[in-house]
Amino acid sequence: MAKIATEADYDAAVETIVQAFDADPLWSWMFPDPARRAEQHTTIFGLYVKSALPNKSVWMSDERGSAVAVFTPPGERELTESAEASLKPFLIETLGAHAPAALETLERFAAAVPEGRPFYYLSLLGTRSDSRGRSIGMGLLAELVARADRDGQPTYLESSNPANNPRYERLGFEGQSHFSTPDDLHTVTTMWRDPVSR
């Protein structure tokens, strides 16, 4: 059973996400300086965690956050207004000449989000380095889709690492579309899962 994170869990939750995405194909490209990446990831992923905490939509697999899922319930904002307002200035300040490509990529994320029907939106799913390979993260996602099923709602995510696509497919997600970074070096797959009635 997932632990619902509180403000007291913020640091642990962000640390897990930062570890998980350090070598991610897309997110390491977004922040290409390995010496600064952990600090930069802490800032940007912290915006998503902080925005999700009030909705009780940061889930941890255990007290230390071996795996963490950050999601947006149907009808809610992924980022608070203040978090969204701080995103562009942060990227411009921290990335310099790479900022336009990073900002364009985030715009492509936003443009790919389905419109119309409400859905659960998985923003981030990550596992700590010392806990990988035990399906802990997928266990959290399985709990999320079970909740979506109970609510009769679909679930949406973007896969920034093609190696993860089969794992999502095993939980019933299907690829919907693709978009690439402006240099066409990395591809993101959007994935959708309709609710399953029990």
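Observations
- A viscosity of 0.692 mPa s and a temperature of 37 °C, combined with the Kirkwood radius over C-alpha pairs in the Stokes-Einstein formula, give region 45-94 a diffusion coefficient of 277 µm²/s.
- Here, the chain yields an orientationally averaged convex hull projection of 10.7 nm² when only Cα atoms define the hull.
- Assigned charges on the beta-carbon of Lys, Arg, Asp, Glu; the chain dipole about Cα centre (debye): 580
- Gap separating the Cα centres of region 56-116 and region 130-150, nearest whole Å: 20
- Normalising the average separation of contacting C-alpha pairs (under 8 angstrom, six or more residues apart) by the number of residues puts the relative contact order of region 3-193 at 23 percent.
- Zone residues, region 62-106, relative to LYS56, backbone N less than 20 Å from point 7 Å out along Cα-to-Cβ: 62-65, 68-80
- Share, in percent, of DSSP beta bridges within the chain that are antiparallel, nearest 5: 90
- Ratio of Rg to Rh for region 5-121: 0.96 [Cα atoms; Kirkwood radius as inverse mean 1/r over pairs].
- Rough spin-label spacing in nm, given labels placed 7 Å along Cα→Cβ, for ASP130 and ALA142: 2.5
- In order along region 135-143, phi translates into HN-Hα couplings of 6, 5, x, 5, x, 5, 5, 4, 5 Hz, rounded to whole numbers, per the Karplus curve 6.51 cos²θ - 1.76 cosθ + 1.60 with θ = phi - 60° and x for Gly and Pro.
- Total charge dipole magnitude, region 52-162, about the Cα centre, Cβ charges on Lys, Arg, Asp, Glu only, Debye to nearest 20: 300
- Selection among LEU95, VAL113, ASN55 by position relative to the dipole of region 24-124 gives ASN55 as farthest towards the positive end (Cβ unit charges, Cα centre).
- Mean residue ellipticity (222 nm) of the chain, computed from DSSP H runs ≥ 4 via -39,500 (n - 2.57), nearest 500: -14000 deg cm²/dmol
Any read-out appearing in this document is the output of simple, stated calculations on the displayed coordinates, not a laboratory observation. All of these numbers come straight from a predicted model, not from anything done at the bench. Every residue, glycine as well, gets a Cβ built from its backbone with ideal geometry; the counts of neighbours run over all protein chains shown.
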